[in-house]
Amino acid sequence: MVYVILTRQAIASLADKFVDGSTVIYMNAGVLTDEELARMRADGIAVNVLPRAVDINAPFEIDEVVQALRHTHGETIWVEHPFTSSETERNGDRSPEPVQQERPLMQTLLALSQQARATTSWTFHRLKRLSDTDGTVMVIPYMGFGVADRFVLQGRVIKDEGFHPPNKTRSAWSNFFELYKRIDSSEIPGVKVIARFQDIEHETVTNSAGYFHVEFRLSEPLKNSGWHKVELRLGSPALQSGKAPPVYAQVLVPPSTARFGVISDIDDTVLWSNVTNKVRMLKMLAMTNAYTRKPFRGVTAFYCALRDGIGGDEGNPIFYVSSSPWHLYTPLVDFLQAQGIPLGPLMLKELGVKHLFGRDRHHGHKLGNIEKILQTYPGLPFILIGDSGQHDPEIYQEVVKRYPDRIRAIYIRNVNPDPERIEALDRLIEEVRSTGTQLLLIPDSEAAAAHAAAEGLIDPHGMQQVRTDKKNDSGLLLNQG
């Protein structure tokens, strides 16, 4: 086994590995004194010193070392992955916070992952196993949105951990490992990304978490609405291939025929997450994928009906605002596509203890992104869809207060049978009604579709399709909604 040690703190945790005669140690320059190195070698430990000091905050320097060692040893290399200053700032102290009952699905899984790491030794939860694909850098583009003369998009640059697309026959354990790779993906900070649309080119650099953001302002407004492609490529050399091929981000410009937009939550709104039962929730999440996990009955038909509107081809845009982390962006998009649910820009949450935990951060994340959407389309009214399991009703009430004439209806899926919660929602419904907006606590998509059809938001045929799909869908994991 070959280990690369970058800091002095890791040495004590690897003491039991040093006595293994088959273990080879590569020590960062300057970590140990000449006397300490001599004592280790006298004890029969195969320790080598890297020819120059490697900056632990420079991932490309670390990967250059790994690639060189592969040529020498031809086997798996284990490299220490210490917290950088930026990671410490994002994550706060290293002690994980307790799992809260009200935390969303993805946040809970991430918290448990962090707790599991905290129980291991200092070094081992900072040692990353580098597979044959780890030398490749990949750009993950996120769907952007805007209007005819301006739009924004973002994405992330990470190491390619050998991700595989979902399929219907994958085993539960394969699903689990694919999910873990997403959660444990390694960001690449400080990488130049070049975005090109038509004849306009912008350069940006990934931040400490590997994210980038690009805004385009066009001198000539777009003549066509719908989805547009923006080319993204790395401006910095990729680790193995010199330059990675370009990828394309999709940017949504709603058509002039759109009469309203939709802003929807995901967990316990589009798909069943069961946040009140953590064991069953985590088992379902970890052992299923985009094909084997199903949405609530009737959701696909309802969202299609909202997109199409009363006219059948309105092209009403749908946005998904969720507290799931950006690490789960690709699985969520895979899920929407596999289940035939209309695609739309996803606004997720940055991973990190400081960002994920607590009601205020959840509230602020959702409210801020909803306001961003409303401000981008000032002439478009919106429908808000969420669930009663967390704070969607309270957040949506605040949206109505700030934008009293912009919200056509609010649909809240009732997933929390607690009488106190229902009583609180009844009071909130009355408060929202006083503003002229309707907030409905609904049992399922059929009830929401019936109201939407009565309000002239969707075609009555769309409501009938929701009813049909609800009856025909027997593929749910549990008999829900």
Those residues of the stretch 389-420 that are farther than 13 Å from ASP268 by Cβ and of a type in the set (S, T, N, Q) come to a total of 1
Exactly one of GLY344, GLY340 is more than 14 Å from ASP265 (Cα to Cα), assigned to a loop (DSSP other than H, G, I, E, B) and touching a residue at least 12 places away in the same chain (Cβ under 8 Å), and that one is GLY340
Pairing a residue in the stretch 379-390 that is free of Cβ contacts under 8 Å to residues at least 60 places away in the same chain with any residue that is part of a loop (DSSP other than H, G, I, E, B) and surrounded by 24 or more Cβ atoms within 10 Å (Cβ to Cβ), where Cβ atoms lie under 9 Å and the two sit 6 or more apart in sequence or on different chains, gives SER388/ASP268
Could you check, for the stretch 325-332, whether at least one of its residues is at pLDDT 95 or above and either within 22 Å of GLY379 (Cβ to Cβ) or aliphatic (A, V, I, L, M) (or both)? no
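Name the residue that is surrounded by the fewest Cβ atoms within 10 Å (Cβ to Cβ), counting only residues in the stretch 352-379 that are at pLDDT 85 or above and among the basic types (Lys, Arg).
LYS372
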Across the stretch 212-239, the tally of residues that are surrounded by 18 or more Cβ atoms within 10 Å (Cβ to Cβ) and assigned to a strand (DSSP E or B) stands at 8
Here the residues within the stretch 117-154 that are modelled with pLDDT under 95, among the aliphatic types (A, V, I, L, M) and more than 22 Å from PRO246 (Cβ to Cβ) are ALA118, LEU127, LEU130
Flagged in the stretch 201-211 as surrounded by 15 or more Cβ atoms within 10 Å (Cβ to Cβ) and β-branched (Val, Ile, Thr), in numbering order, are THR204, THR206
For the stretch 459-475, state whether one or more residues are at pLDDT 95 or above and out of contact with any Asp or Glu (no Cβ under 8 Å at 6 or more places or on another chain).
no
For the stretch 240-280, the count of residues that are at pLDDT below 90, in a loop (DSSP other than H, G, I, E, B), over 18 Å from the mean Cα position of the chain (by Cα) and closer than 30 Å to LYS294 by Cα equals 3
Practice problem: Answer yes or no as to whether ASN369 is touching a helix residue (DSSP H, G or I) at 6+ places or on another chain (Cβ under 8 Å) and either in a helix (DSSP H, G or I) or more than 30 Å from VAL253 (Cα to Cα) (or both). | Solution: no
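The values are calculated or read from the model by the stated rules, or taken from the named source; none is laboratory data. Worth saying up front: this structure is predicted, and the values here are computed from it rather than measured. For neighbour counting, all protein chains shown are included, and Cβ atoms are generated from backbone atoms with ideal geometry for every residue, glycine included.
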